Structures are given as structure tokens and as C-alpha cells.
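A quick write-up on the structure given underneath.
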Amino acid sequence: MQILIRTGSSPEIGGGHITRTMALADTLHSLGAEITFALRGNCALKNHYHFKSICLPGKPGEMPGITRDEWDILVHYLDFYDAIITDAYEIGVKELTSLASTRKLVACIDDRLGNFCGAHLVINQNPYANALGLQISEGARLLYGPRYAMLRSEIAKARFISPPDPPPYRVAIMIGSSDLMGATAPLISAMAGAKTSLPVRIDAILGHMAPTLEAVQKAVSKADHAKLHINPPNLAQLLATSHVAIIAAGTSALELACLGVPAVMVVVAKNQESSAAAWHELGVHISVGFFEEGIEEYAAEKVISLLNDCELRSSMSAKGKAIVDGLGTVRVAREIVKAIEKRHGEAA
């Protein structure tokens, strides 16, 4: 079984697409599938030696649409695969419909509010997905909501880890590996200066290529009991042992819900707004809205309030774990394998 995955990442669009498709690819590989990634620009897949990759023309995250050269490459390679999984904003309804005309299985992972006629499987893992009223092709299958959250296996395993009894209270700050809005440093400073008698330890998490790395290092150096973790290999454990987190309202919100760690969310991209509102309404995380000057102090106040309310933290933790059980990646992978096997049977 050969599967092609078209995805990508960049500082502008973040790393959530790569994170969830890598998690899905690992699970599909464990079910016997051979995986190839089609990526723009840098195609290196670190620590994934069992996956092949195809380099596509263009820059990661470049919009809008895909070029004719990229399309020709995708269609050419598709002859050698049983299915294509897309997780890229630049691939829309027109491209999905054309891909489906090749008679290959087409699975689309997306967070948008659009029309997905053409794809045979549509996966939207966000908590607002069931309210979208997505239009899909006749006979297609829609997998929606956090039940199908595609999380890394280490996150699913770490949900059974609990934070140590305080003191100190551990607060993780993780606003995406690229920290595009530059929110991490101000949030560290706000937490370090928050008025509280509670002993608080801050764990700031950042990617090594983040343009704000120097500013974050400076903020950490000025804060008491703060530590910077750059691409930590023990990320799941680091998050699971936190009492509260400050995060962007993207993939991290699903991960923290699975781990049972209540979070204060800042919105750093327009496509996170619906997710933030849904998590807030569900009582799993608290949204403070779009990141802008002054919001970091409000976020710090919310964190301190949570640290002082053990009962509320426990309630939010239980709700998160009930909504995201850590099995979503397996569910999606099995649906894809089942769909491919069904098409093989129909063709026989």
C-alpha cells in the first residue's frame, strides 16, 4: 500500500500541518503502508528515515494555489500511489476534484470552512467542525471533531502522567515553534512580574529557527525560575507535568486537552479564532483573544487565577481528556486503510 502525503510548514503557516501528518504517517506505516511526503522547498524529514520525500517547486506556505509545475509533478507521481493525503491551504476544491478524477483515493485534512467536493475522505479535527455544515461529494466520508485528532504517539502516552504536587507550580509557555507574533518573550515577562505569592516555575518552549530566539533568551535570563527549552525531545513529558500552560490556539490546544492540562490561549492567526472560541465554550481552555500589546498581562492574570483554583483546573482537565482521548490518529489511519482496501476490492 503506497500513500503520498502533500503537506508543508513555514514560519507563516506554522508547523501544525507537518506535526499531524507525521503522526498519521507513523501510524499508517505501522499498519503496513509505505509513505512518501511531497514538500515544497526543504524536503528533509529529520528522524523519519523510513519515509521518502519528493521536493516540489515553490516556497513552503506560498499562496495562493499551486503552480502548473507542481501540479504536473503531483499527477505524475500519483500513478505510483494508491492514495494521496493533502494537508495544505493552497490545495482547494478545484485541485481536490482533479485529483479524484485520477481514481486514486483522495483524503483531505483541513481546518477551513470550505466546500470539499472531490475528496473521498475529509478530516477536520477541530472542536468546531461539527457545526460547519461542510459540503462533500456523494459517497464521501467526513471525519470531524477531536475524536479524530491526529496527535503524536508520545502525547497520547503522556496523558497518564500527572504534574508533581506543588510547590512550585509549573507553567509552560508554547506559542508555536516559530513564535511568529513574537508573543513568547512578553508572556514570559508578564508571568515573571505577575502579582502572586505562589512559587511559579516557567518553562518556555521554542523552535531553534524562531526569529525571536534572542528576545526569548533575554526574557528568560531576566525572569526568576524560568527555563528555555529549544526543540525539547521530552516535550510531551514537559507539557504533561505542567499545572497550566499558555499556548496558541492551534494543534497545541488539542495536545493539552489530551494531556489534561488546562491552558490559557492566545490567538496568533486568523484561522485559530474559531478553535479558541470553541475550546473556551467547552470549558477546556480559556481564550484571551488575539495577541496584541497588553494582552500578555491579562493572560498572566488568568494563569494565576487558575493556579489558585484547584477545583476549576481539575474540571477543565477532566473535560479535555474526555473530549480528546488520544486515539484519533489510529481512527483516521484505519479509515484510510479501509477506504483503500475497499477501492482495491471494487477494482478487482
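Descriptive notes on the structure:
- The ranking of Glu90, Glu281 by Cβ neighbour count inside 10 Å, starting from the fewest, reads Glu281, Glu90.
- Net length gained if the chain between Ser101 and Arg334 were fully extended (0.36 nm per residue, minus Cα distance): 81.5 nm
- Fewest-first sequence of Glu341, Glu293, Glu70 by Cβ atoms within 10 Å of each Cβ: Glu293, Glu341, Glu70
- Seen against the Cα atoms of the chain and their longest principal axis, helix 310-323 is set at about 0 degrees.
- Efficiency of FRET from Cβ geometry, Arg68 and Asp224, R₀ 56 Å, rounded to 0.05: 0.50
- Gain in span if fully extended, Ser153 to Asp79, counting 0.36 nm per residue against the direct Cα distance: 23.6 nm
- Shape call, the chain: gyration tensor on alpha carbons, a/c limit 1.5: prolate
- A crude spin-label estimate for the pair Phe51 and Ser315, with each label 7 Å from Cα along the Cβ direction, gives 4.0 nm.
- Label-to-label distance, nm, for residues given as Glu292 and Met209 (7 Å Cα→Cβ offset): 3.1
- Within the listed set Ser197, Ser252, Ser178, the residue fluctuating most in the Gaussian network model of the chain (springs between alpha-carbon atoms under 10 angstrom) is Ser197.
- Placing unit charges on each Cβ (+1 for Lys and Arg, -1 for Asp and Glu) gives region 154-323 a dipole about its Cα centre, and among Ala318, Thr196, Val244 the Cα reaching farthest toward its positive end belongs to Ala318.
- One decimal place: the segment Gln217-Lys270 gains 16.3 nm when fully extended, by the rule 0.36 nm per residue minus the C-alpha distance.
- Rough spin-label spacing in nm, given labels placed 7 Å along Cα→Cβ, for Asn308 and Ser197: 1.1
- Here is the tail figure for region 196-348: Cα pairs spaced more than 24 Å apart come to 41 percent of all pairs.
A short reminder: the numbers here are calculations on the coordinates, not readings from a lab. Owing to the predicted nature of the structure, the values given are computational and were not obtained by experimental measurement. All Cβ positions, glycine included, derive from the backbone under ideal geometry; neighbour counts span all protein chains shown.
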